[in-house]
Structures are given as structure tokens and as C-alpha cells.
1. Probe of 1.4 angstrom, ligands and nucleic acids ignored: what's the accessible area per residue over segment 12-68, in square angstrom?
2. Take the Cα atoms of segment 63-107, build their convex hull, and give its volume per residue in Å³.
3. For segment 11-107, state which chymotrypsin sites (Phe, Trp or Tyr not before Pro) are in a DSSP loop and have at most 16 other beta carbons lying within 10 Å of their beta carbon.
4. Once phi is turned into ³J(HN,Hα) by the Karplus curve 6.51 cos²θ - 1.76 cosθ + 1.60 with θ = phi - 60°, what whole-Hz value does each residue of segment 6-16 show in order, with x for glycine and proline?
5. Rg(Cα) of segment 4-106 divided by 2.2 N^0.38 Å?
6. For every helix of n ≥ 4 consecutive DSSP H residues, a contribution of -39,500 (n - 2.57) applies; sum these over the chain, divide by its total residues, and give [θ] at 222 nm rounded to the nearest 500 deg cm²/dmol.
7. Can you tell me the relative contact order of the chain? Whole percent, Cα pairs under 8 Å, sequence separation 6 or more.
8. What trypsin sites (Lys or Arg not before Pro) in segment 48-94 are in a loop by DSSP, with at most 16 other Cβ atoms within 10 Å of the Cβ?
Amino acid sequence: MINADTILFALMLVTIVNIARYLTALRSLIYIMREAHPLLYQQVDGNGFFTTHGNVTKQVRLYHYLKTKEYHHHHDEVFTGKCERVRELFILSASLVGVTLFASFIL
């Protein structure tokens, strides 16, 4: 029989890997955003997005941009594809974090 600790460890490992995928895709999106959508890059504080002094309200602006799928009106296919990937990875990572927390209290 599989131990509950093994299941929880495997679930945590999958969650950490997907969070890392999300963060690298987000970093790549911000890099692409510099050329594809300079106004949004300034609005989300592209230079300071991953710094400790990053402005959280500006980071939330990117979240709302992706949540409402405003990128569908953009002309660059690479940018819209990257936005879609970041959005999907965010949903997946948030769901996995929720499931992992739920499983840690159940198991």
C-alpha cells in the first residue's frame, strides 16, 4: 500500500515543478512584452517585476490583463500565445496549490 506521506510528497513535487514552469513562462512573457506591448510593459513595471521593491498594484494589473483575456486584441501571435500559456499555467499552479493544501490537511 502507498504511504500517505509518499502521495503528499509526490503532489508537492508536482506543484513545485509547475510553479517553476509558471514563473519561467512569466519571465519570458515580460521579456517579450518589452517589444510587443511597451505600454503594458511600463504599466506592469517590467523592469522591477521580479525585484523585492516591485510594485504589487502594478503586478496585479498584469493579472487582470490576463484574467480578462485582453491580449486577444493584440496583433502579435507570439505575445498572445505566451499570454495564453502563462494564464493556463497560473490556473494550473493555483489549482495544484489548493489541492496540495487540501490533501495535506486530509492525509
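The values are calculated or read from the model by the stated rules, or taken from the named source; none is laboratory data. These figures come from a predicted structure and were not determined experimentally. Virtual Cβ from ideal backbone geometry, glycine too; neighbours counted across all protein chains shown. Accessible surface is based on the protein model in full, side chains and every heavy atom, while ligands, DNA and RNA are left aside. Shrake-Rupley method; radii C 1.70, N 1.55, O 1.52, S 1.80 Å.
1. With the other protein chains kept in place, segment 12-68 gives 63 Å² per residue.
2. Details: hull volume 2.4 nm³, N = 45.
Dividing the Cα hull volume of segment 63-107 by its residues yields 53 Å³.
3. Values: sites: Y22, Y31, Y41, F49, F50, Y63, Y65, Y71, F79, F90, F102, F105; in loops: F49, F50.
Within segment 11-107, the qualifying chymotrypsin sites (Phe, Trp or Tyr not before Pro) (loop, at most 16 other Cβ atoms within 10 Å) are F50.
4. Values per residue, Gly and Pro as x: 5, 5, 5, 5, 5, 5, 5, 5, 5, 5, 5 Hz.
5. The value comes to 1.22.
6. Details: 4 runs with 81 residues, N = 107.
Rounded to the nearest 500, the figure is -26000 deg cm²/dmol.
7. Details: 66 pairs, mean separation 43.4, N = 107.
Worked out over the chain, it gives 41 percent.
8. Working: sites: K58, R61, K67, K69, K82, R85, R87; in loops: K69.
Of the trypsin sites (Lys or Arg not before Pro), the ones in loops of segment 48-94 whose Cβ has at most 16 other Cβ atoms within 10 Å are K69.
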